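These notes are about the structure you will find just below.
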Amino acid sequence: MALDIVKNPDPILRKVAEKIKDPMDPTIQKLIKEMLETLKNANGVGLAAPQVGQSMRLCVIDVDDEIYVLINPQITAKSKSKYISEEGCLSIPGEFYLIERYDEVKVRYLNQEGKQVKIKARGLLARAMQHEIDHLDGILFIDHLKKSKLNKKKN
Ligand code: ZN
């Protein structure tokens with residue numbers, strides 16, 4: 001069953017999400033399945049648990065037909081270089097802005113089976129991971145606009 005997506009300015013999007021203690025807990029496994037379905041239905045690149053009303057450190061990403069389930073993800077390294085590209089968010093529909101992100105990030109997380117994974121992500125995958133992990137800390141992509149002074153892109 002697809003879930004309703006929480007829209008900005010719902011306060012849950014501004015909360016620091018809670019760490020997940022047991023990834024194999026049936027309620028967490030059910031949430032992962034529903035989030036994957038919600039992401040697919042919405043044709044999105046990524047979805048974080050707070051966006052479906054659950055303040056938990058969990059997000060799902062679909063880049064180049066590859067699905068990633070990230071539980072308690074942490075960015076452990078960032079490239080020196082950054083790049084600018086257009087970004088949107090399912091919680092801020094219809095708005096797209098140019099946002100600066102790190103080219104590459106190393107991320108450590110637990111996957112859907114509860115196993116620890118370390119990944120070096122580049123390009124769109126790295127961008128999606130930075131965007132989704134931001135959600136777990138109550139940060140929205142529009143917050144980066146203030147810092148970068150980039151021009152608003154009209155749609
Ligand atoms: Zn988002």
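The values are calculated or read from the model by the stated rules, or taken from the named source; none is laboratory data. If you're wondering where the values come from, they're calculated on a predicted model, not measured in any experiment. Cβ atoms come from the backbone with ideal geometry, glycine included; neighbour counts cover every protein chain shown. When the accessible area is computed, the model is the full protein with side chains, heavy atoms only, and any ligands, DNA or RNA have been set aside. Shrake-Rupley method; radii C 1.70, N 1.55, O 1.52, S 1.80 Å.
If you take the residues in the stretch 27-49 that are β-branched (Val, Ile, Thr) and within 14 Å of the ligand (Cβ to nearest atom), which one is nearest to Ala126 (Cα to Cα)?
The initial filter retains those residues of the stretch 27-49 that are β-branched (Val, Ile, Thr), namely 27-28, 32, 38, 45.
With the extra rule that they be within 14 Å of the ligand (Cβ to nearest atom), the set shrinks to 38, 45.
Values: Thr38: 21, Val45: 12 Å.
Looking at the filtered set, the residue picked out is Val45.
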Which numbered condition trips up Glu86, out of (1) under 25 Å from Glu104 (Cα atoms); (2) acidic (Asp, Glu); (3) surrounded by 12 or more Cβ atoms within 10 Å (Cβ to Cβ)? (3)
Number of positions in the stretch 72-104 that are out of contact with any Cys (no Cβ under 9 Å at 6 or more places or on another chain) and within 23 Å of Ile32 (Cα to Cα): 9
Scan the stretch 32-53 and report the pairs whose first residue is farther than 16 Å from Asp134 by Cα and touching a residue at least 60 places away in the same chain (Cβ under 8 Å) and whose second residue is polar (S, T, N, Q) and open to solvent by 10 Å² or more (accessible area, probe 1.4 Å), with Cβ atoms within less than 7 Å and a gap of 6+ or a chain change. Ile32/Gln112
